[in-house]
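Asker: This is the structure I have questions about; it appears just below.
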Amino acid sequence: MNVLDAVEKLYQSHQVETLALAVLILAWLPGSRLPFWRGLQKRLPMLVALVDLCLAPVAVILLFSSLRAVFSPDFEALRTAWLPGLFYLALCLTISWYVAKGGYAFVTRRYVGERTSHPQPVPGLLRSLIYGTCLLGGAAAFLWVQGYSLTGIWISTGLLTALIGFALQQTLGDFFSGLALGLEGSFRVGDWLQLANGSEGQVIDLNWRATWLRGWDNTTQVIPNAKLAGQGFKNLHGEHHRYRPWYYVNIPAEVDPRFAKELLLEAVLNCKTVLKNPAPIVRLTSASTLPYTYMIWVSFANYPAMFRGREELYREIHYVLQRAGVTPSAEIHEWHGRKAYIPTAEPPTIQLALRSLELFHSLADEEIEQVAQASRQVRYDAGTTILLEGDCRDALDIVASGIVDSKVVLPSGELLTVGEFSAGQYFGLITMFTDRPSVLSYTAQTDVSLIRVDLDCIQDVLKRHPDLADRYAMIIKQRLDEAELLQMPASQAASSKTTLQQVKHLVKKFMMSSKP
């Protein structure tokens with residue numbers, strides 16, 4: 001007894017249940033084309049594939065059962081000879097098709113969704129391989145059900161298979177090379193590749209024969225998979241992968257290397273396209289030849305963003321060096337019969353840095369000069385600790401160039417970065433005006449140049465300008481509140497908060513004493 005006979009007997013004994021199942025199938029067939037079902041397929045592909053795998057074979061069984069009932073006894077040969085064979089062929093191919101659909105959904109979720117946070121389209125080669133394998137298995141199952149010997153079929157067609165394999169030798173090489181490239185994940189659809197000949201292109205598809213690349217000129221380059229697998233290429237990755245190139249700038253040896261690095265770092269930080277995290281790096285890479293060579297290592301959001309960012313970086317380097325009176329040096333292979341010009345480039349003066357701060361806006365030029373003479377310039381390399389949490393320092397530090405990180409240890413023991421100080425900003429007022437140690441630790445994120453103003457200078461300024469006391473008190477109060485809020489739990493912050501009157505009292509006490 002075959003499947004169609006079993007369905008006929010089931011209908012005779014359970015007509016109501018069979019008709020309900022038929023109505024369900026009739027509703028599923030057009031419903032699978034509705035937008036709701038397609039949206040559900042995107043959100044839950046595995047569940048939809050499982051439902052389709054259960055309902056599709058039932059639909060085939062009901063269809064052929066209906067055809068068998070429609071044909072009269074006059075078509076007995078058709079009912080007994082042709083219809084069962086067509087039924088089993090349709091059933092095997094339907095099951096294999098929806099098994100392939102479920103396998104493709106599984107591969108899309110596992111192979112793509114979990115290997116990267118930014119899913120890429122599945123290559124066409126992988127999709128063709130899944131569906132082709134399942135359909136071939138369905139055809140083999142049909143032949144087995146019909147009583148054919150698979151071994152005999154394989155032996156009888158062995159010579160033909162060998163001839164076809166020899167004729168398709170190059171094509172099969174491309175197929176297996178593409179399969180290897182897709183499985184090992186050397187690149188994905190959307191990545192940019194740089195080939196051995198220097199040409200570049202974005203991967204738009206990887207099929208059974210070739211890889212398709214779209215170049216910058218919007219042309220398509222089709223490369224056989226075997227040829228691509230046999231040559232070296234550089235994967236520049238896609239839009240969700242950071243690109244970190246480095247560039248070299250030549251600057252005359254007469255310019256102080258520290259000052260040159262400060263200028264280049266300032267130019268990098270002025271670029272909006274350059275990412276600030278990770279921090280850009282400027283290094284002197286060669287001082288054995290003239291001019292000196294400096295390397296700038298920066299980060300862009302992705303490879304295509306590099307082109308706009310590189311132009312902006314070169315433009316900012318030109319502006320910064322031009323303002324400082326520095327001319328980038330180039331290798332010139334010619335003789336000149338003129339007197340050489342020695343560039344005179346000096347870093348910004350301490351007076352200029354002090355005049356830009358709101359703390360000293362009301363001071364006359366002579367007073368600024370006095371404060372500058374009593375101050376000194378200190379430098380720290382990247383990663384150096386400037387001031388530890390809990391230490392004291394009777395000085396005000398002003399950032400002349402570079403970036404300084406401020407960090408605090410939370411009650412939980414975690415070290416948290418709470419701020420950054422760049423050129424023109426300052427720190428150290430709290431430890432100077434109060435008897436408290438520093439509540440924050442300060443570390444040089446990049447190479448840093450600081451202007452350190454001693455305690456006596458600040459006292460002299462306040463004694464000559466008592467009207468500045470309230471301004472200093474407001475600044476100290478704001479920074480003290482921020483530090484206390486980070487160090488104390490929320491339940492204690494309100495009760496332990498230092499009031500503005502207390503801060504003003506500390507400032508006045510500072511003005512009247514030789515030491516706070």
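The values are calculated or read from the model by the stated rules, or taken from the named source; none is laboratory data. Keep in mind that what you see is a predicted model, and the values were worked out from it rather than measured. Glycine gets a Cβ as well: all are built from the backbone with ideal geometry, and neighbour counts include every protein chain shown.
Asker: Give the residue that is nearest to residue 263 (Cα to Cα), with candidates limited to residues of the stretch 420-459 that are more than 32 Å from the chain's Cα centre (by Cα) and in a loop (DSSP other than H, G, I, E, B).
Answerer: Filtering first and then ranking leaves 428.
Asker: Determine, yes or no, whether residue 282 is outside the structural domain of residue 400 (by TED's automatic domain parsing), closer than 30 Å to residue 213 by Cβ and of a type in the set (A, V, I, L, M).
Answerer: Working: outside the structural domain of residue 400 (by TED's automatic domain parsing): yes; closer than 30 Å to residue 213 by Cβ: no; of a type in the set (A, V, I, L, M): yes.
Taking the combined requirement at face value, the residue does not satisfy it.
Asker: Still on this model: Pick from the stretch 215-232 the residues that are among the hydrophobic types (A, V, I, L, M, F, W, C) and closer than 12 Å to residue 205 by Cα: which of them is surrounded by the fewest Cβ atoms within 10 Å (Cβ to Cβ)?
Answerer: Per the criteria, the residue is 222.
Asker: To continue, here is another question. Going through 248, 243 one at a time, which residue ends up being of a type in the set (Phe, Trp, Tyr), over 30 Å from residue 171 (Cβ atoms) and surrounded by 14 or more Cβ atoms within 10 Å (Cβ to Cβ)?
Answerer: Step by step, each of 248, 243 is checked, and only 243 is of a type in the set (Phe, Trp, Tyr), over 30 Å from residue 171 (Cβ atoms) and surrounded by 14 or more Cβ atoms within 10 Å (Cβ to Cβ).
Asker: For the stretch 198-223, enumerate the residues that are farther than 17 Å from residue 127 by Cα and modelled with pLDDT under 90.
Answerer: The first filter runs over the stretch 198-223 and keeps only residues farther than 17 Å from residue 127 by Cα, leaving 198-202, 213-223.
The answer is 198, and nothing else.
Asker: Which one is farthest from the chain's Cα centre (by Cα) among residues in the stretch 248-275 that are part of a loop (DSSP other than H, G, I, E, B) and closer than 18 Å to residue 315 by Cβ?
Answerer: Within the stretch 248-275, the subset part of a loop (DSSP other than H, G, I, E, B) is 252-256, 270-275.
From what is left, the residues that are closer than 18 Å to residue 315 by Cβ are 270-275.
Numbers: 270: 22, 271: 19, 272: 17, 273: 14, 274: 14, 275: 11 Å.
Top of the filtered list is 270.
Asker: Quick check on my filter: what residues within the stretch 174-228 are within 19 Å of residue 130 (Cβ to Cβ) and assigned to a helix (DSSP H, G or I)?
Answerer: 174, 175, 176, 177, 178, 179, 180, 181, 182, 183, 184, 225
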